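Peer 1: Encoded as structure tokens, here's the structure I'll be asking about.
The values are calculated or read from the model by the stated rules, or taken from the named source; none is laboratory data. Keep in mind that this is a model prediction, so the values were computed, not measured. Here the Cβ positions follow ideal geometry from the backbone for every residue, glycine too, while neighbour counts run over all protein chains shown.
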Amino acid sequence: MAYNRNTKKKHDYRKYDNRKDRDNREKRVNIKSSRPSNVTVYPKNNEDPMRTIKRFLKKCKNEKIVEKFREKAYFVKPSEKRRRERMRIKRLIQRSNNVNNEQD
């Protein structure tokens, strides 16, 4: 038997919203582009533009956008990818062994 899911009382959060804050809030600029963007940064109230740029760069680094672009700039054979990965792991192991030896 089906039940009515709309029986729960929904909270009205508007009554908790401070009118001063709502009026002082800056409206975000909605820019539509033909390409989807994974990294979007909007300036906060009274925020320095350089701070906004820093937040944007940090998001780009976290998403590894530049690294992905450089990877796709030219074709790398699968065997070369495997070889590079093995070398990377080997270097990591050597570094961790060197750090452990220095601490002893």
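Peer 1: Can you tell me which residue in the stretch 68-88 is surrounded by the most Cβ atoms within 10 Å (Cβ to Cβ), limited to those that are under 30 Å from Asn38 (Cα atoms) and either in contact with a Lys or Arg (Cβ under 7 Å, 6 or more places away or on another chain) or aliphatic (A, V, I, L, M) (or both)?
Peer 2: Taking the stretch 68-88 and keeping what is under 30 Å from Asn38 (Cα atoms), we get 68-78, 80-82, 84-85, 88.
Filter once more, so that each one left must be either in contact with a Lys or Arg (Cβ under 7 Å, 6 or more places away or on another chain) or aliphatic (A, V, I, L, M) (or both): 73, 76.
Numbers: Ala73: 8, Val76: 12.
Once the filter is applied, the top-ranked residue is Val76.
Peer 1: When you check Asn6 against the structure, is it polar (S, T, N, Q), part of a helix (DSSP H, G or I) and at pLDDT 90 or above, yes or no?
Peer 2: On the way: polar (S, T, N, Q): yes; part of a helix (DSSP H, G or I): yes; at pLDDT 90 or above: no.
No.
Peer 1: Tally up the residues in the stretch 72-104 that are of a type in the set (Ser, Thr, Tyr) and not in a helix (DSSP H, G or I), please. Talk me through it step by step, then tell me what you get.
Peer 2: The first filter runs over the stretch 72-104 and keeps only residues of a type in the set (Ser, Thr, Tyr), leaving 74, 79, 96.
If we keep only those that are not in a helix (DSSP H, G or I) too, we end up with 74.
Selection size over the stretch 72-104: 1.
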